[in-house]
Amino acid sequence: MSDAPLLEAEAVTCRFGRVTACRDIDVAVHAGEILGIVGESGAGKSTLLRCLAGVVRPASGTVTYTDAGGREHPLHALEDSALRRLARTDWGFVHQHPHDGLRPHLSAGANVAEPLLRCGETRYGRIRTAARHWLEQVELDPVRMDDRVRTFSGGMQQRVQLARNLVTEPRLLFLDEPTGGLDVSVQARLLDLIRQLVARLQVAVVLVTHDLAAVRLLAHRLVVMQQGGIVEQGLTDQVLDDPQHAYSQLLVASELRC
Amino acid sequence: MLAVRNLHKGFTLHLRDRLRLPVLAGVSLDVRAGECLALTGPSGTGKSTLLRCLYGNYRSEQGSIRVRHRGGWLDLARAHPRQVLAVRRETLGYISQFLRAVPRVSTLQLVAEPLVARGVAPQDARARAEDMLRRLRLPEALWPVPPDTFSGGEQQRVNVARGLIGRLPVLLLDEPTASLDPDNKAVVLECVQEAKTAGAAIIGIFHDTAARDALCDRAYDMTAARPETCAG
């Protein structure tokens, strides 16, 4: 973990009409680090995530991304084309619903290969090898790489989505409730997979979730949001074992222990 | 290696009408390399709370926790979370009474993990984890299995293996021999003694007085730093 942040949000506020979805947010993500964001539905977690990823433009504040060469990019002041280029090469975004992040009528292999094509790779053999490799990395049998993803189970689709986002070897990964609609055993497998891949690839992750067990397992640092603001942030185990804010205490107390 | 000054810790329970529970009021202590300090006092005097504060698991309210890290002193009570993680990786180990297993991760991997996190090559880390588990007499048949189905004593030894494998210079031990039979207790104590001889500074809670007497040079009486509202 180096010390300069990869991505830094300063005083970010996002509004939809008269609703303030997130308010005056300061947050930073460093290389190789997993940052968890928790809070109730409507707390502004997903809006913040999309703002960090450059998808939603904040009403005020800045989000700065520092590339591998040390150059700073103020995301929301970039031309659309420059922003799209960064999003294509430097980060990935895994959506809660696989159908938001996949093309269901295409094969698993094509779904994984597509980002490479968009990055300009044209050699068919290389693309095919990469797709096979990344399907294996997410523990999918490459025998099924020519099957359409809509024939896959939810957990498998989510793994295809993960592979599709890792194939370009991004430096930063945004995960929006990646285990949302999955049953518990499938969740555990996906979480463990994310944990191992992230450690191996040294990719930085911003993880939005409801699942406190998931953040305990994955996140180095944790941000707790309520009504659009950050009420507490710190070391994950400290925030979960010794929550300071009334809302964090409620959140932890409400979690079932197993 | 570790210098604590005037440490205060209490809990404010917002869900119980902001009920205030003071636990530590002015803990000051020092531990040098190669020295073992026992925390003594009846249940509820904050021994485990103190260890958790020293590990950065609980947030200290007042005072300082200075630890010798990368050749300098760092105050854990004020450090950035990322600095605390670096201290845990390179300097400060904690062995609790309970093991937090990770689904699908084998015992061997779990024990090797602290070394891998520090950049030791996976094969070397595995080899050292095997040595450690053999030393702690955990049956080889269990190594590929995640420890969540193990007995209390087996889990405890996995915990000890994971805590000692990094040979960290400062160790916090919360009842490391609690659920062990006499033979296994002796092995664990021997390993801790070795870490001490190798220069580790140790702070521990040992309800077993024989273990405490064998290992510890000094004791810190927790009743000395009781908040007034709890005294008596």
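Screening region A:215-227 for residues that are within 11 Å of chain B (Cβ to nearest Cβ) and over 13 Å from A:Val29 (Cβ atoms) and picking the one that is surrounded by the most Cβ atoms within 10 Å (Cβ to Cβ) gives A:Leu218.
Looking only at residues of region A:238-258 that are over 16 Å from B:Asp17 (Cα atoms) and surrounded by fewer than 21 Cβ atoms within 10 Å (Cβ to Cβ), we find that the one that is nearest to the other protein chains (Cβ to nearest Cβ) is A:Asp241.
Residues that are open to solvent by 70 Å² or more (accessible area, probe 1.4 Å), part of a helix (DSSP H, G or I) and within 18 Å of B:Asp30 (Cα to Cα) within region B:205-224 comprise just one, B:Ala224. Filtering B:Arg128, B:Arg118 for residues that are in contact (Cβ under 8 Å) with a residue 24 or more places away in the chain, closer than 17 Å to A:Ala199 by Cα and open to solvent by 40 Å² or more (accessible area, probe 1.4 Å) leaves a single hit, B:Arg118. Pairing each residue of region B:191-208 that is over 24 Å from B:Cys53 (Cβ atoms) with any residue that is open to solvent by 70 Å² or more (accessible area, probe 1.4 Å) and acidic (Asp, Glu), provided the two are 6+ apart or on different chains, yields no C-beta distance under 8 Å.
Number of residues in region B:24-49 that are open to solvent by less than 20 Å² (accessible area, probe 1.4 Å) and touching a Lys or Arg at 6+ places or on another chain (Cβ under 7 Å): the value is 6. Looking across region B:145-189, just one residue is in contact with a strand residue (DSSP E or B) (Cβ under 6 Å, 6 or more places away or on another chain) and on the phi > 0 side of the Ramachandran plot, and that is B:Glu175. Name every residue in region A:228-237 that is open to solvent by 30 Å² or more (accessible area, probe 1.4 Å) and facing chain B (nearest Cβ under 9 Å), in order of residue number. Within region A:228-237, A:Gln233, A:Asp237 qualify.
The values are calculated or read from the model by the stated rules, or taken from the named source; none is laboratory data. This is a predicted model, so every value here is computed, not measured. Here Cβ is always computed from backbone atoms with ideal geometry, including for glycine, and neighbour counts include all displayed protein chains. We work out accessible area using only protein heavy atoms, side chains counted, and drop any ligands, DNA or RNA first. Shrake-Rupley method; radii C 1.70, N 1.55, O 1.52, S 1.80 Å.
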